[in-house]
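The values are calculated or read from the model by the stated rules, or taken from the named source; none is laboratory data. Small disclaimer: the values here were computed from a predicted structure and weren't measured. Please note: Cβ atoms are built from the backbone with ideal geometry, for glycine as well, and neighbour counts cover all protein chains shown.
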Amino acid sequence: MAMQDDARVVVAFNDAINRRDLAALSALMTDGHRFIDSAGSVVDGKPACVEAWRGFFAAFPDYRNVFDDVRADDAGVVEVRGRSECSTEELAGPAEWRVVVRGGLVEEWRVSDPFDVAGLGTILGVWAHPDDEAYLSGGLMALARDNGSRVVCVTATRGELGTPDPEAWPPERLAAERTDELARCLEVLGVTEHHWLGYRDGGCAEADAPEAVAQLCEVIERVRPDTVLTFGPDGITGHADHQTISAWSTAAFDRAAPAGARLLYAATAERRVAQWRALNESLGVYDPGYPVVTPDARLAVDLVLDSTTAARKVRALAAQATQTTRIIEALGVDRYTAWVGDESFVERSRPDVT
């Protein structure tokens, strides 16, 4: 109910914008209300924000927002997708809003331009185990494929140790099942190119690193990616395989990636930590000392999935049934969808070579 109430507050705030109703806007703002535009400019405090809206309405009297998708979470954050309409061309077009609601009032109203997946070009993802690719980049991959971009996925191991019941799922049997599951998952996402590196689950740190880097160099030289996605040095959860894949991928990228290519590390966005801390702790997602938290302002990709893409990502994850069936049943589809509904990456600067 609280999430529905927060969504209604956001819709009412936007209705006041569309009516150019300063009194209604003021009544829906906290005293410390903050407005942030798509360029990152900030207006702080209710009086300053009301005056800013007064000037904006005078300058652009036909401006209005149309919401297509409104999604609230249990931390008071409402994500909105839609478009702005205005005779001034630079103010019109697709838009996204992230709104923080506190006590039935709007604390922060942030406007951003929609994520342009086409700008990533050909994408190569390098991951440790089946399901890493879907959890960390499933929505991004689906959007890229729908846009006509090439997406190639590399997986280092078959995840044969990924079970709490090794008697029912001995490594050979689980490896075979997870191989099939990953194929079904990638089919849902529209990804048709996949490569296995052939390493042992849990054993990447002990593998021959030069050989692994050489394999990845061959893939990079063949694919010629514009963007490489992988783990950061922290490995997201602290898993040693994840951290090793980060090191291999980074070394291969520096050696073989085309000029101008980007290396993006999966990141834990700061805004999500408090929201999901209790659940993540109950599930044992992170090793002690993790996650390493990234401030939202540092994110190169901060993707909040629309409802259609989020549902598709959940279908892809559900295809990896040995890993996801129990947790989806425990959380319920709606909560699970919200839990996996964001994907965030930071950009790793390529070192200068002199």
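Here the condition is being in the same structural domain as residue 304 (by TED's automatic domain parsing), under 27 Å from residue 304 (Cβ atoms) and of a type in the set (A, V, I, L, M); of 216, 229, it holds for 229 alone.
Exactly one residue out of 293, 314, 273 is of a type in the set (A, V, I, L, M, F, W, C) and buried (at least 20 other Cβ atoms within 10 Å of the Cβ), and it is 314.
Among the residues of segment 3-17, some residue qualifies, meaning at least one is in contact (Cβ under 8 Å) with a residue 40 or more places away in the chain and over 30 Å from residue 335 (Cα atoms). Note on segment 219-240: among residues that are farther than 22 Å from residue 141 by Cα and not in a loop (DSSP other than H, G, I, E, B), the one that is farthest from the chain's Cα centre (by Cα) is 240. Looking across segment 45-71, the residues that are farther than 21 Å from residue 113 by Cα and in contact (Cβ under 8 Å) with a residue 12 or more places away in the chain come down to 45, 46, 50, 54, 61. Taking every residue in segment 81-109 that is touching a residue at least 24 places away in the same chain (Cβ under 8 Å) and on the phi > 0 side of the Ramachandran plot and pairing it with any residue that is among the aliphatic types (A, V, I, L, M) and in a helix (DSSP H, G or I), at least 6 positions away or on another chain, the pairs with Cβ-Cβ distances below 9 Å are 104/9.
Scanning segment 75-88 finds no residues that are surrounded by fewer than 20 Cβ atoms within 10 Å (Cβ to Cβ), closer than 30 Å to residue 246 by Cα and in contact with a Leu (Cβ under 8 Å, 6 or more places away or on another chain).
Just to verify a result, which residue in segment 253-286, among those that are in a helix (DSSP H, G or I) and without any contact (Cβ under 8 Å) to a residue 40 or more places away in the chain, is farthest from the chain's Cα centre (by Cα)? The residue in question is 282.
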